[in-house]
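Laboratory data are not the source of any read-out in this text; all were calculated from the coordinates shown. These numbers were taken from a predicted model, which means no experiment stands behind them. Here the Cβ positions follow ideal geometry from the backbone for every residue, glycine too, while neighbour counts run over all protein chains shown.
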Amino acid sequence: MHDGSLENPTDPDCVTLATQRAPLEAWIDEAAQQLVPFVILGDFNRRINRFGQDDHLWREIDDGDPTGLDLWRLPFDREAECNPSFPQPIDFLVFDDRAWQMVDEASFREITYDPEDQDLERGTPSDHCPIAVTLDLGAADDGEDDEPSDPDTTDLDLLYAPAEGLEGEELRGVLHEIAMQGHSRLSYAEVWGALDFTDEDPDNPGNVILLYTGRSHPKPDKVSSVLNPNHDNDSWNREHVWPKSHGFPSEGQLAHSDIHHLRPADVTCNPDRGNLDFDESEFAHPDCASRRDADSFEPSDAVKGDVARMLFYMDVRYAGDDGVPDLALIDEDSRSGPLLGHLCTLLDWHEADPVDDFERRRHERIVETQGNRNPFIDRPQFAMAIWSTCGVN
Amino acid sequence: MLAFTLLTSTTAASATIKLVAWNLNNLHFVVDEPLRDGAPSRSEEDYQLLQKYRDRLDADVIALQEVNGPRAAGLVFPPDQYDLYFSARYIEDLVTGKATHLDPEQRSDRIYTGFAVRRGVFDAVSKRDVPSLGVIHAADGRPVRWGTEILLEKDGQLLRLLSVHLKSGCTTAAWRTRPTPTV
């Protein structure tokens, strides 16, 4: 099979598809400027979900141009069931932000043919199965709110109402229920594209911000690990802030691809952090703007609170269900198992480095992508209410 | 169980519509005659099956691909129940004779994008062609499919839809730094 590249394509079909991108983009640009919600639907002849945000076609059209344009597609994370030989869908419904607000995502269906009606060889009733979704036209944005996906204060108050006034284990249990709401699993491959969006540099949409160094670096310069021969020292990869070896080593486990704790990081710093606990550390490690010693890693002051809140989330989100062990923060060296330290240091960091604009923006983008929320970004006071025994200074 | 969910669902009410995308695999209106090489010929039973799934869909708007114009679409979406909007490539092929030329080399591929819109749902529907998507495919010197756009109006709300059928044969690739995916 040819490689399907749309960059300097040689295959005649790919040349033609590549040529179609410009008029498609032109149509999108014009539609976006007319402020009417739009949907592009049909046969894209492209397995967009295989590479998601990195797909040559998708990335060109979902490019944030005109400014603020954001496209959504269905199906996003499910296989096509029409023909077992072709699990990757090529038919899509693609929505702009305004139309996406009207979509009832749970209503999405692929309507397959009953076995007695289907002849796969002839391709009848058709070699494609129809895909359907319902939209509520009354749910249209009035155009006044530029960030319509931000739930307003009332929504958040309602969401967290069951947690108000609780403490300790009781609060930890209720936040588990809240943190799992709406969580839709991304594949580990889809994490790349998701991070391009969630951790995008606000001053340069072509870049992401790397967690430990704070460096802005081009999105496409991704490598799977420092062992990848294509890497150079500036490349980035997917850092599991809660180390995957501490509870969810397999790609199929939900926490493995949970973007609440996944960050772009310098490919050379990622192994330096390894699976160390977080704590105050002895030696400066200037290349990674961090400190480390034999048994701990200490990120820069700028992201200490971010790291703490990601780990608080992991503690409450994973309680032994969803195929992931009960993850727990402890105030000592964790060594192994589904544990991580050091809780009291993390609480100090949480207090010293409160939620900032970048973290808030990243969080809203995660919610848009993955569906569920980090309670400790919405309600920072919950951390002390659960773990009050540390005695923060 | 969730206040959050309840709130969003109570604000959502009335004006719900169902959208569908459906490629009908070379749907011809002539029984037992393949539309082009490699296409299945269609029996009366095929049209009945497609009607069965049309009813199962119960959709308000269906974006169609690979249909040989309104005559073929009308066999599945009867005009007393659905308004049909088709790419003007269909008209062009008819008036230039490319739809009917006896020499298959001179004939167009005769598959078009379009829409079926359930009657009585919308206050207004207007259609526009998007011929810009019909770029010339160098391998055979012919244009590929146009897009078809409709603008729907219901209770003062507008929605713009574009039915597309992009070029086949080039299904996957990612940017260069992508690690080898596991499939």
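List the residues of the stretch A:353-393 whose backbone N lies under 17 Å from a point placed 7 Å from the Cα of A:Glu170 along the Cα-to-Cβ direction. Under cut-off, by backbone N: A:382-389.
With all pairs of separate Cα atoms included, the stretch B:16-163 yields a Kirkwood hydrodynamic radius of 15.9 Å.
Taking a sphere under 14 Å around the Cβ of B:Ala138 and counting the other residues whose Cβ falls inside, with K and R at +1 and D and E at -1, yields a net charge of -1.
Each of A:Trp387, A:Ala80, A:His256 was placed along the dipole of the protein assembly as shown (beta-carbon charges, centred on the mean Cα), and the one lying farthest toward the positive end is A:Ala80. How high is the FRET efficiency between A:Ala302 and A:Ala106 when r is their beta carbon distance and R₀ equals 35 Å, given to the nearest 0.05? My answer for the efficiency is 0.35. Where both bridge residues fall in chain B, DSSP classifies roughly 80% of the beta bridges as antiparallel. Rounded to the nearest Hz, the phi-derived 3J(HN,Hα) couplings of the stretch A:180-189 under the Karplus curve 6.51 cos²θ - 1.76 cosθ + 1.60 (θ = phi - 60°) are 8, 4, x, 5, 10, 6, 8, 6, 5, 5, where x marks glycine and proline.
Karplus-based coupling profile of the stretch B:133-138, in residue order and whole Hz: 6, x, 6, 7, 8, 4, with θ = phi - 60° in 6.51 cos²θ - 1.76 cosθ + 1.60 and x standing for Gly or Pro.
For B:Ala124 and A:Asp321, what does the FRET efficiency come to when R0 = 56 Å and r is the distance between their Cβ atoms, rounded to the nearest 0.05? FRET efficiency, B:Ala124 to A:Asp321: 0.65. Dipole check for chain A: with +1 at the C-beta of Lys and Arg, -1 at the C-beta of Asp and Glu, and the Cα centre as origin, the magnitude is about 860 Debye.
Within straight-line reach of A:Lys222, meaning a Cα separation under 17 Å, sit the following aspartates and glutamates at least 8 residues removed in sequence or on another chain: A:Asp54, A:Asp55, A:Glu190, A:Asp196, A:Asp199, A:Glu200, A:Asp201, A:Asp232, A:Asp234, A:Glu239, A:Asp266. Taking amide H atoms as placed 1.01 Å from N in the peptide plane, the amide H of A:Tyr212 lies under 5 Å from those of A:Asp266, each 5 or more residues away in sequence or on another chain. Straightening the chain between A:Arg21 and A:Asp157 buys 44.6 nm, computed as 0.36 nm per residue apart minus the Cα-Cα spacing. Candidates B:Tyr85, B:Leu102, B:Leu75 compared by Cα position along the dipole of the stretch B:57-126: farthest toward the positive end lies B:Leu102, with charges placed on Cβ. Here's how it looks for A:Asp119: its modeled amide H is under 5 Å from those of A:Thr124, which are all 5 or more places away or on a different chain. When a/c is below 1.5 the answer is rounded, else prolate if a/b is larger than b/c, else oblate, so apply that to the stretch A:12-139 with a ≥ b ≥ c taken from the square roots of the Cα gyration tensor eigenvalues. It is oblate, given that a/c is not under 1.5 and a/b is not larger than b/c. Relative contact order (percent) for the stretch A:12-139, with alpha-carbon contacts under 8 angstrom and 6 or more residues of separation? Value for the stretch A:12-139: 24 percent. The gain in end-to-end length when the A:Arg335 to A:Asn228 segment is fully stretched comes to 35.8 nm, 0.36 nm per residue minus the alpha carbon separation. Taking a Cβ cut-off of under 9 Å around A:Asn374, the surrounding Lys, Arg, Asp and Glu residues balance to a net charge of +2, with basic ones at +1 and acidic ones at -1.
In loop segments of the stretch A:325-393 as defined by DSSP, the trypsin sites (Lys or Arg not before Pro) with at most 11 further C-beta atoms inside 10 Å of their C-beta are A:Arg335.
For the pair the stretch A:186-209 / the stretch A:1-77, the C-alpha centres are spaced 18 Å from each other.
Computed over the stretch B:1-157, relative contact order equals 20 percent, with contacts defined as Cα pairs under 8 Å that lie 6+ residues apart. In sequence order, the stretch A:374-387 has phi-based couplings of 9, x, 7, 8, 6, 9, x, 5, 4, 4, 5, 5, 7, 10 Hz under the Karplus curve 6.51 cos²θ - 1.76 cosθ + 1.60, θ = phi - 60°, and Gly or Pro positions carry x. Each Lys and Arg adds +1 at its Cβ and each Asp and Glu adds -1 at its Cβ; summed about the Cα centre, the stretch B:16-163 shows a dipole of about 320 debye.
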